[in-house]
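A.B. asks: Below is the structure I would like to discuss, written out as structure tokens.
What follows is calculated from the coordinates using simple rules that are stated; it is not laboratory data. Computed from a predicted model, the values in this text were never measured in an experiment. Note: ideal-geometry Cβ built from the backbone for every residue, glycine included; neighbour counts use all protein chains shown.
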């Protein structure tokens, strides 16, 4: 493991949503090519980056992620033609919400990574891990438990 | 004997109380069907009258407003004990409502702003409200002002949700009558249709298959065509991501939906879903275009979470106090 990744202390947790056609395949390539990169990234494989509902991003933050990485095909290359544009638009608006909510821009990252760019997977994952290490953990205040009665409880 | 009910308000504007009065002649049907045992805004019952009731003696309490102070929490807990069913009445009780946008600030920021910084203020001594104060006349107390606004169901068990700002009259009447007739649905139900507002929008026929928004407009910037889908005119209408039941009253007044009925049943975070729906309509495939569209929304939280910030996944702003 490279020396920069072996620092003691805070280790960020990153949830990554990768589209199966480009970015997930690139991550696979990085693996088969035995490229080393930060183990802080947990990958969720989706059919398309356009499947990333902004609720997924917020749920990841709520459940302990310090950062969220979304990876899709380069503009123009989407397997479904428009999916990556949709996630791009959503990310741009979501970033406005996150800023207002006191969550730093670096915690949400959108990257275009094609199936052949295993080295970009390595670079992006390492960069983001390093940035979040410097930024420190995301500390959301807890949400009070909802007391909505489930059906049949009374 | 007629079932007893209570109406109570917490952090709210009073519009929900108005909605009950606005039932007009239907309010007579409500009054005929139930005994109102407690309704501070209209009838002279006191907290002691509620305390004197047996536990569960009230068939239902209709509580509007979010929970911001210790007094509101105590009243919600008291009414919970005395009631068979609790109905979260209106957007604030259901989702936090407009008062819930205070979760963008901390308690201290709010008190400083209101009591120390507002330009029109006269407060030379810098007096802030205190929960306990000794004055010549004796010992005074005030309810605690919590750091965050909470929804009613973040404080007590809630049986039913009646959303809206305020809830539409026909839904209020239907809820009261279902209570009287014993035909209430399973607990946990939102007492409004579980479909998006577009399904009952008077302009639905003019909504393009997929509206393409070239620029976001704010209501004061344009004179909207009263017959055409507002999304097709570039106005941010949250109808596609908001529960139906209001009959599109705002849209009939040529104003876009701001989301007061909350999300439909399978949505966890109303603001995120509304943002998702609107963002996907942006007609741009380049960096500048998409960034410019985002800048046309000056207050994204106030736009997409206008009624639901305390109920959202993030709940409140990350402040240094929480770091």
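A.B. asks: Segment B:104-146: D in µm²/s via Stokes-Einstein (Kirkwood Rh, Cα pairs, 20 °C, 1.002 mPa s)? List each step's numbers first, then the result.
C.D. replies: Details: Rh = 11.9 Å.
It comes out at roughly 180 µm²/s.
A.B. asks: Another question, then. Suppose R0 equals 51 Å. What FRET efficiency, 1/(1 + (r/R0)^6) with r the Cβ-Cβ distance, do residue B:29 and residue A:127 give to the nearest 0.05? Before the final figure, lay out the partial values.
C.D. replies: Working: r = 66 Å, r/R0 = 1.29.
E(calc), rounded to 0.05, equals 0.20.
A.B. asks: Can you pull the semi-axes for segment A:16-68, root of five times each eigenvalue of the Cα gyration tensor, sorted largest first, whole Å?
C.D. replies: One finds semi-axes of 22, 15, 5 Å for segment A:16-68.
A.B. asks: From the gyration tensor of the Cα coordinates in segment B:23-72, what semi-axes in whole Å does the equivalent ellipsoid have, largest first, with each one equal to sqrt(5λ)?
C.D. replies: Semi-axes (√(5λ), whole Å): 21, 16, 11.
A.B. asks: On to the next question. Calculate I(q)/I(0) for segment B:128-250 by the Debye formula, one identical point scatterer on each C-alpha and no solvent, and give its log10 at q = 0.13, 0.18 Å⁻¹ to two decimals.
C.D. replies: These q points yield log10 I(q)/I(0) values of -0.77, -1.00.
A.B. asks: Debye sum, Cα scatterers, chain B, no solvent: what log₁₀ I/I(0) at q = 0.07, 0.13 1/Å?
C.D. replies: -0.33, -1.03
A.B. asks: Quote the convex hull volume per residue of the protein assembly as shown, based on C-alpha atoms, as a whole number of Å³.
C.D. replies: Details: hull volume 91.4 nm³, N = 477.
Cα-based convex hull of the protein assembly as shown, divided per residue, equals 192 Å³.
A.B. asks: Ok, one more. Contour minus end-to-end for residue B:125 and residue B:255, with contour as 0.36 nm per residue of separation and end-to-end as the Cα-Cα distance? Let's see the in-between values first.
C.D. replies: Details: separation 130, 0.36 × 130 = 46.80 nm, distance 4.43 nm.
This chain segment gains 42.4 nm when fully extended.
A.B. asks: Under 8 Å for C-alpha pairs, at least 6 residues apart: give me the relative contact order for chain B, rounded to a whole percent.
C.D. replies: In percent, rounded to a whole number, it is 18.
A.B. asks: Arrange the peptides B:308-319, B:67-78, B:197-208 so that the one whose residues have, on average, the most other Cβ atoms within 10 Å appears first. It would help to have the intermediate numbers written out before the result.
C.D. replies: Values: B:308-319: 24.2, B:67-78: 19.6, B:197-208: 16.3.
Top to bottom by mean Cβ count within 10 Å: B:308-319, B:67-78, B:197-208.
A.B. asks: How crowded by other chains is B:266-276, given as the mean number of beta carbons from other chains within 10 Å of each beta carbon? Before the final figure, lay out each step's value.
C.D. replies: Numbers: counts 0, 2, 5, 7, 1, 5, 11, 3, 1, 9, 10.
Taking all residues of B:266-276 together, the mean is 5.
A.B. asks: Using only Cα atoms, tell me the angle between helix A:83-100 and the longest principal axis of chain A; keep it within 0 to 90° and round to the nearest 10.
C.D. replies: Result, in degrees: 50.
A.B. asks: Calculated FRET efficiency, residue A:116 and residue B:189, Cβ-Cβ r, R0 41 Å, to nearest 0.05? Spell out each step's value before the answer.
C.D. replies: Numbers: r = 52 Å, r/R0 = 1.26.
Approximately 0.20, to the nearest 0.05.
A.B. asks: Which whole-number percent is the relative contact order of segment A:66-108 (Cα, under 8 Å, 6+ apart)?
C.D. replies: Details: 22 pairs, mean separation 19.8, N = 43.
It rounds to 46 percent for segment A:66-108.
A.B. asks: Give the average, rounded to an integer, of partner chain Cβ atoms located within 10 angstrom of each Cβ in B:79-87. Display every interim value, and only then the final one.
C.D. replies: Details: counts 0, 1, 0, 0, 0, 1, 2, 2, 0.
What the average comes to for B:79-87 is 1.
A.B. asks: Taking 0.36 nm per residue of sequence separation and subtracting the Cα-Cα distance, how much length would be gained by fully extending the chain between residue B:220 and residue B:177, in nm to one decimal? Intermediate results must be reported in sequence, preceding the final value.
C.D. replies: Details: separation 43, 0.36 × 43 = 15.48 nm, distance 4.02 nm.
Gain in length upon complete extension: 11.5 nm.
A.B. asks: If we sort B:115-127, B:10-22 on the protection proxy, mean other Cβ atoms within 10 Å, highest first, what's the order? Provide the component values of the computation, followed by the final result.
C.D. replies: Details: B:115-127: 8.5, B:10-22: 19.0.
The densest-packed peptide leads the list: B:10-22, B:115-127.
A.B. asks: Is the shape of segment B:92-174 rounded, prolate or oblate, going by the alpha carbon gyration tensor and its root eigenvalues a ≥ b ≥ c, with a/c under 1.5 for rounded and a/b larger than b/c for prolate? Provide the component values of the computation, followed by the final result.
C.D. replies: On the way: a/c = 2.59, a/b = 1.97, b/c = 1.32.
Prolate.
A.B. asks: So, how do all the Cα-to-Cα distances of segment A:21-135 break down into 10 Å bins, in percent, from 0 on up?
C.D. replies: So the P(r) values, bin by bin, are 14, 46, 35, 5, 0.
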